[in-house]
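Next up is a structure, given as structure tokens.
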Amino acid sequence: MDSLFSTGSLVTLSLILALTTVAPQAEARAFFVFGDSLVDNGNNDYLATTARADSPPYGIDYPTHQPTGRFSNGLNIPDIISEQMGAEPTLPYLSPMLTGERLLVGANFASAGIGILNDTGIQFLNIIRIGRQLEYFQQYQNRVSGLIGPEQTQRLVNQALVLITLGGNDFVNNYYLVPLSARSRQFALPDYVPFLISEYRKILVRLYELGARRVLVTGTGPLGCVPAELAQRSRNGECAVELQQAAALFNPQLVEMLGGLNSEIGGNVFIAANAMEMNMDFISDPQAYGFVTSKVACCGQGPYNGLGLCTRLSNLCPNRDIYAFWDPFHPSERANRIIVQQMMTGSSKYMNPMNLSTILALDSKT
Ligand SMILES: *[C@@H]1O[C@H](CO)[C@@H](O)[C@H](O)[C@H]1NC(C)=O
Ligand SMILES: *[C@@H]1O[C@H](CO)[C@@H](O)[C@H](O)[C@H]1NC(C)=O
């Protein structure tokens with residue numbers, strides 16, 4: 001009986017197999033992250049601010065079991081996206097470890113407390129506002145140019161995946177921070193939202209000018225349903241109406257703005273991730289997702305563990321995997337995994353105009 005393969009083609013075949021298993025490693029695309037505490041990997045640990053997740057029990061389920069500055073018991077959304085891409089997690093831009101080859105993985109510029117507007121999060125003092133995050137992105141590119149030259153740098157940036165998460169704080173830590181806040185006296189909510197969207201648009205245009213070509217833009221989650229708002233604004237455990245209203249106005253206008261930018265550019269640069277739907281799935285039916293509650297935070301105090309900060313003195317649940325919320329504002333690692341799963345494979349209800357697995361497959365062909 002004839003052998004199916006000659007010895008020569010067997011060797012060729014195993015060589016091809018060897019090459020294909022090595023290639024993704026060498027060509028892992030860079031990843032850049034901008035935004036607020038939902039995506040900060042630890043920049044604020046290097047700043048004089050009160051918006052820091054730098055003490056236990058933050059990080060209790062992180063591989064090192066130490067706080068890292070992430071607002072999570074373990075991994076956060078960018079970490080899990082990196083994992084899905086088969087890449088190392090991005091380092092905070094301010095980390096002294098971010099040098100040499102590590103720069104080629106990308107960088108995380110996010111800073112807890114910031115928003116679209118400069119006056120969002122002023123109570124946190126020294127945080128990296130979005131304009132500054134973009135300046136750092138430019139500085140990053142100059143540093144990488146010194147390493148691999150300007151053309152390769154441009155390629156690395158153009159081929160990178162970018163994530164930007166903004167907007168929640170413009171409501172929670174600005175418009176609704178105190179009764180009669182300056183912005184709420186200046187704008188009625190239906191006028192504030194278009195103002196935010198027009199400012200956000202400028203930020204995204206700048207990101208495009210700086211070379212970003214695949215940008216995942218998350219809308220705000222269900223702001224009124226987080227334990228902090230249940231504790232402060234809800235009598236019976238229903239999601240707080242004003243903040244839900246804000247998110248319901250913001251998200252569709254964001255999707256429309258992104259669609260407008262894409263048609264001006266003539267390509268699908270900006271991808272909308274519907275964080276509202278992604279979160280509402282497990283908030284409305286926590287049991288279906290293996291959570292015992294979506295109202296009570298794992299770490300905190302007061303009603304719903306929603307008051308104050310998560311500290312060593314707070315209540316702490318023994319099993320973080322069965323809580324949708326880790327602290328009064330931020331999802332647990334398990335909830336973050338559900339969110340990223342929808343980003344990867346979700347239908348157009350979640351990802352517009354396409355999901356991340358489609359993007360990764362598309363971009364790997366070009
Ligand atoms: C925010 O602050 C930066 C830096 O001071 C400034 O360049 C930018 O114009 C400000 N943005 C707005 C909308 O005022
Ligand atoms: C999302 O990804 C899955 C593959 O994981 C694919 O089957 C599906 O069609 C995609 N949906 C959209 C809307 O792109």
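Every number here is computed from the coordinates shown, using simple stated rules; none is lab data. Because the structure is a prediction, the values reported are computed rather than measured. So basically every Cβ, Gly included, is an ideal-geometry build from the backbone, and we count neighbours across all protein chains shown.
Fewest first, what order do Leu189, Leu117, Leu125, Leu309 take by the number of other Cβ atoms within 10 Å?
Leu125, Leu189, Leu309, Leu117
If you count, for each residue, the other Cβ atoms within 10 Å and average over each peptide, how do 259-271, 292-304, 340-352 line up from highest to lowest?
Sorting 259-271, 292-304, 340-352 by mean packing, highest first, produces 292-304, 340-352, 259-271.
Just name one of Cys310, Gln186, Ile77: the one whose Cα is farthest towards the positive end of the charge dipole of the chain (beta-carbon charges, Lys/Arg +1, Asp/Glu -1).
Result: Gln186, furthest along the dipole toward the positive end.
Could you work out the per residue convex hull volume over the alpha carbons of the chain, in cubic angstrom?
Hull volume normalised by residue count: 170 Å³.
Quick one: angle between helix 241-265 and the longest Cα principal axis of the chain, in degrees between 0 and 90, rounded to 10, please.
The two axes meet at around 30 degrees.
Compute the long axis of helix 130-148 from its Cα atoms, compare it with the longest principal axis of the Cα atoms of the chain, and write down the angle in degrees, 0 to 90, nearest 10.
Taking Cα atoms only, the helix is inclined about 20 degrees.
Multiplying the sequence separation of Gln123 and Thr311 by 0.36 nm and subtracting their Cα-Cα distance, what value in nm do you get?
Residue separation times 0.36 nm, minus the Cα-Cα distance, leaves 65.7 nm.
How big is the charge dipole of the stretch 65-152 about its Cα centre, in debye rounded to the nearest 20, if each Lys and Arg gets +1 on its Cβ and each Asp and Glu gets -1 on its Cβ?
220
Bin by bin, in steps of 10 Å, what percent of the Cα pairs in the stretch 244-357 do you find, going until the bin that has the longest distance?
Binned Cα distances yield the sequence 14, 35, 29, 16, 5, 0.
Let me ask something additional. Between 0 and 90 degrees, rounded to the nearest ten: what's the tilt of helix 356-365 against the longest Cα principal axis of the chain?
30
Per DSSP H run of n ≥ 4, the term is -39500 (n - 2.57); total these for the chain, divide by its residue number, and report the mean residue ellipticity at 222 nm rounded to 500 deg cm²/dmol.
Estimated from H runs of four or more residues: -13000 deg cm²/dmol.
How big is the charge dipole of the stretch 207-366 about its Cα centre, in debye rounded to the nearest 20, if each Lys and Arg gets +1 on its Cβ and each Asp and Glu gets -1 on its Cβ?
I would put it at about 320 debye.
On full extension of the chain, what length is gained from Ile148 through Ala182, given 0.36 nm per residue of separation minus the C-alpha to C-alpha distance?
7.5 nm
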